[in-house]
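What follows is one structure encoded as structure tokens, with my remarks underneath.
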Amino acid sequence: MKKIFLLLIPSSVITGVVLGYLLWSLSDLPRVEALEEYTPLQASKVYSSSGEVIGEFYIERRTFIPYYRIPEHVKKAFIAIEDERFYKHHGIDIIAIARAIYRDIRAGRIVQGGSTITQQLAKQLFLKPEKSLSRKIKEAAMAIQIEKRYTKEEILGLYLNQVFFGNHAYGIEAAAHTYFGKSTDELTIAEAALLAAIPRAPAYYDPIKRPEKALRRRNIVLRKMLQSGYISKEQYEEALKEPLPTQLHRRKYRAPYFMEFIRSTLSERYNDALFTRGLKIYSTIDTEMQNVAEEAVRRGIEALNKRVEPGVQAALLAVDLEEGKIRAMVGGTDFWKTQFNRVTQAMRQPGSAFKPIVYLAALRKGYLTDDTIYDREVGYPTPEKDDVWTPRNYELKYNGPVTIKDALAHSLNAATVCLADNIGMDSIIKTAKELGIKSRIHPYLSSAIGASELTLYELVYAYAALATGYRISPLYIEEIKNPDGIILEENYPRIQRVIDEAVVDEMRYLLRSVVLEGTGRMARVIKRRVYGKTGTTNDYTDAWFVGFDDKLAVGVWVGRDDHTPIGKKETGARAALPIWIYFMQNYRR
């Protein structure tokens with residue numbers, strides 16, 4: 001009797017230790033009810049004005065898709081390879097565990113796991129990726145609880161939306177787009193089998209980098225689908241013939257400078273939600289106009305590179321005159337080399353492209369387009385009063401008395417400074433601000449011919465006001481919705497009249513004369529009425545053309561980021577205007 005008692009002591013101790021360990025392991029078990037609040041990290045998508053996806057913002061590239069939209073053959077592919085008794089067990093599969101242990105013992109190493117899809121879901125959502133007995137116990141307990149609370153279809157849907165497929169693709173929908181460039185509901189049997197083959201070891205079974213290994217495992221998935229009765233012999237043989245994908249379908253931003261512009265703007269308002277909450281961002285960009293803008297810049301720089309040293313940059317902005325919507329934005333020649341946006345970030349001297357603001361200020365003070373001003377060599381005291389500054393005309397010639405119209409059409413510096421001196425820089429600065437220019441305009445006469453730096457963004461919107469008489473606030477996002485379609489943000493045009501209608505007509509007349517008889521004569525090839533102004537700075541450092549038709553205000557800037565000259569005689573008419581002309585001739589009206 002004493003011997004029996006002594007034998008019972010160790011067994012009871014062992015039992016107590018085991019039970020204690022189990023209780024300890026399960027003491028901090030997560031609440032399975034949290035699944036009802038499950039919100040996976042989802043990519044936010046940006047749409048063009050016509051509804052095309054032009055880019056995504058994400059930490060994990062994922063698009064959630066409801067389980068009822070996932071085709072049966074896709075589900076069956078994963079069940080066949082990951083958990084063939086999925087519909088028979090209640091979270092843990094004792095038969096699969098026993099079979100895995102037997103095979104591991106025979107192989108002398110771990111060759112097969114026994115985790116069910118439900119256990120894998122529990123691990124992915126609730127547990128740390130550590131290898132420990134405690135974690136396995138929690139995983140099994142969580143799986144049983146999940147099975148009690150949710151249907152098999154719901155569990156499978158959650159799993160397929162959560163699993164990692166390599167190459168930054170999280171969830172079945174992102175994987176379908178990444179590897180095949182299509183949606184989940186378009187996947188073939190062979191494609192579904194390949195995706196089911198990847199999650200066990202995404203890097204090892206990468207079909208692009210390791211096609212032989214990926215093909216072998218895909219065919220194993222197909223064989224298991226056949227053995228389980230999920231596909232017919234004919235479907236199996238046909239699927240075996242399908243080739244693997246040879247390249248990834250990564251979504252490269254369209255309008256990348258515009259995408260980065262709205263990312264920097266929205267991240268201030270939405271913070272991490274911009275990258276994790278699957279927002280739907282409806283922008284104003286017109287993809288057809290954007291394509292024309294990019295081609296215009298490409299052609300313009302290609303032509304320039306034949307005449308000057310390489311390294312010249314260009315930028316283009318097109319804005320809708322009616323509502324101020326950004327329709328095209330090109331911030332440089334290659335976004336993937338430099339993300340610096342020369343539309344919104346580059347502060348450059350506008351040169352003569354600023355002059356229409358001077359002439360507008362004069363018209364508002366009562367000048368008429370045929371009034372006379374003097375184009376002559378005159379010295380003006382510098383701001384420090386210790387020297388004299390003499391504005392020079394481009395051809396170093398002076399014309400004496402000239403009309404307002406001719407002075408602007410032929411971009412006469414001396415005449416423009418004379419006019420600015422007559423009306424005062426204060427009125428010119430006030431006019432610039434009323435047109436929407438926020439950059440500082442220095443109160444010196446040199447600012448009248450474009451010596452104060454500003455952005456192409458500001459200048460194009462100022463010209464939009466010249467075209468219509470209304471200051472229009474920039475509009476680049478129309479609305480933002482959450483994944484459920486609830487509107488989070490809605491934006492409307494904000495318009496304010498700042499120029500009398502009669503003065504608008506006079507400004508149009510002046511800017512039309514630039515095209516018909518002045519420095520913008522090359523634009524006469526456009527077979528409709530267009531208006532605009534060239535701009536060239538000292539030593540040909542900056543070249544501009546900004547103008548409009550009856551639909552858009554469009555500006556082009558050309559220059560070098562280091563502020564060195566573009567090249568000899570590379571004026572606004574020679575370097576920037578051809579880009580503007582190409583865009584205006586080819587965009588769809």
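The values are calculated or read from the model by the stated rules, or taken from the named source; none is laboratory data. Note that the structure is predicted; figures quoted are calculated from it, not measured. As a convention, Cβ positions derive from the backbone with ideal geometry for all residues, glycine included, and neighbour counts pool all protein chains shown.
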Condition set assigned to a helix (DSSP H, G or I) and among the basic types (Lys, Arg), scope segment 66-89, selection farthest from ARG216 (Cα to Cα): answer is ARG69
For segment 93-109, the count of residues that are modelled with pLDDT of 60 or more and either touching a Ser or Thr at 6+ places or on another chain (Cβ under 6 Å) or of a type in the set (Lys, Arg) (or both) equals 2
Could you tell me whether segment 352-372 includes any residue that is in a loop (DSSP other than H, G, I, E, B), without any contact (Cβ under 8 Å) to a residue 12 or more places away in the chain and on the phi > 0 side of the Ramachandran plot? yes
With criteria (1) in contact with a helix residue (DSSP H, G or I) (Cβ under 6 Å, 6 or more places away or on another chain); (2) under 25 Å from LYS325 (Cβ atoms); (3) of a type outside the set (Gly, Ala, Ser); (4) surrounded by 16 or more Cβ atoms within 10 Å (Cβ to Cβ), ARG588 comes up short on (4)
If we ask which residues in segment 478-521 are in a strand (DSSP E or B) and among the charged types (D, E, K, R), their number turns out to be 6
Per the list (1) free of Cβ contacts under 8 Å to residues at least 24 places away in the same chain; (2) closer than 13 Å to LEU244 by Cβ, residue check on ALA201 breaks on (2)
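Name the residues in segment 347-370 that are crowded, with 20+ Cβ neighbours inside 10 Å and either within 19 Å of the chain's Cα centre (by Cα) or closer than 30 Å to ARG298 by Cβ (or both), would you?
ARG348, GLN349, PRO350, GLY351, SER352, ALA353, PHE354, LYS355, PRO356
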Open item on the list: So, TYR282, is that one in contact with a Gly (Cβ under 9 Å, 6 or more places away or on another chain), hydroxyl-bearing (Ser, Thr, Tyr) and not in a strand (DSSP E or B) or not?
Closed with: no
Exactly one of THR284, THR344, THR276, THR338 is surrounded by fewer than 20 Cβ atoms within 10 Å (Cβ to Cβ) and among the β-branched types (Val, Ile, Thr), and that residue is THR338
Taking the criterion of being within 12 Å of the chain's Cα centre (by Cα) and either surrounded by 15 or more Cβ atoms within 10 Å (Cβ to Cβ) or farther than 26 Å from ALA318 by Cβ (or both), would at least one residue in segment 232-250 satisfy it? no
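Which of the residues that make up segment 417-435 are within 15 Å of SER452 (Cα to Cα) and crowded, with 18+ Cβ neighbours inside 10 Å? Break it down into steps so the answer makes sense when it comes.
Kept after step one, since they are within 15 Å of SER452 (Cα to Cα), are these residues of segment 417-435: 417, 420, 425-426, 428-433.
Within segment 417-435, VAL417, ALA420, MET425, ILE428, ILE429, THR431, ALA432 qualify.
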Filtering segment 223-272 down to residues that are within 22 Å of GLU52 (Cα to Cα), of a type in the set (Phe, Trp, Tyr) and touching a helix residue (DSSP H, G or I) at 6+ places or on another chain (Cβ under 6 Å) yields TYR253
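Restrict the check to segment 427-434 and report whether at least one residue is farther than 27 Å from GLU517 by Cβ and of a type in the set (S, T, N, Q).
Yes, segment 427-434 has at least one match.
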Test GLN227 against the stated conditions and say whether it is more than 30 Å from ASP286 (Cα to Cα) and surrounded by fewer than 16 Cβ atoms within 10 Å (Cβ to Cβ). yes
Taking segment 407-430 and keeping residues polar (S, T, N, Q) and in contact with a Lys or Arg (Cβ under 8 Å, 6 or more places away or on another chain) leaves SER411, ASN413, THR416, SER427
Screening PHE64, PHE78, PHE86 for residues that are touching a strand residue (DSSP E or B) at 6+ places or on another chain (Cβ under 6 Å), more than 30 Å from GLY324 (Cα to Cα) and modelled with pLDDT of 50 or more leaves only PHE64
Those residues of segment 224-271 which are part of a loop (DSSP other than H, G, I, E, B) and more than 30 Å from THR333 (Cα to Cα) amount to SER228, GLY229, TYR230, ILE231, SER232, LYS241, GLU242, PRO243, LEU244, PRO245
Reported set for segment 163-180 where residues are closer than 17 Å to GLN119 by Cβ and buried (at least 21 other Cβ atoms within 10 Å of the Cβ) is VAL163
The one condition PRO383 fails out of (1) out of contact with any Phe, Trp or Tyr (no Cβ under 6 Å at 6 or more places or on another chain); (2) touching a residue at least 12 places away in the same chain (Cβ under 8 Å); (3) under 14 Å from LEU445 (Cβ atoms) is (1)
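Tell me, yes or no, whether segment 230-243 has at least one residue that is within 30 Å of ALA293 (Cα to Cα), among the hydroxyl-bearing types (Ser, Thr, Tyr) and in contact (Cβ under 8 Å) with a residue 12 or more places away in the chain.
Checked against the condition, which is being within 30 Å of ALA293 (Cα to Cα), among the hydroxyl-bearing types (Ser, Thr, Tyr) and in contact (Cβ under 8 Å) with a residue 12 or more places away in the chain, segment 230-243 yields no hits at all.
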If we keep only residues of segment 48-71 that are more than 16 Å from the chain's Cα centre (by Cα) and of a type in the set (Phe, Trp, Tyr), then the residue surrounded by the most Cβ atoms within 10 Å (Cβ to Cβ) is PHE64
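So that you can scan it fast, the table gives a plain yes or no per residue for (1) within 25 Å of PRO66 (Cα to Cα); (2) assigned by TED's automatic domain parsing to the domain that holds GLY171; (3) part of a helix (DSSP H, G or I):
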| residue | (1), (2), (3) |
| --- | --- |
| LYS182 | yes, yes, no |
| GLU212 | no, yes, yes |
| ARG217 | no, yes, yes |
| LEU222 | yes, yes, yes |
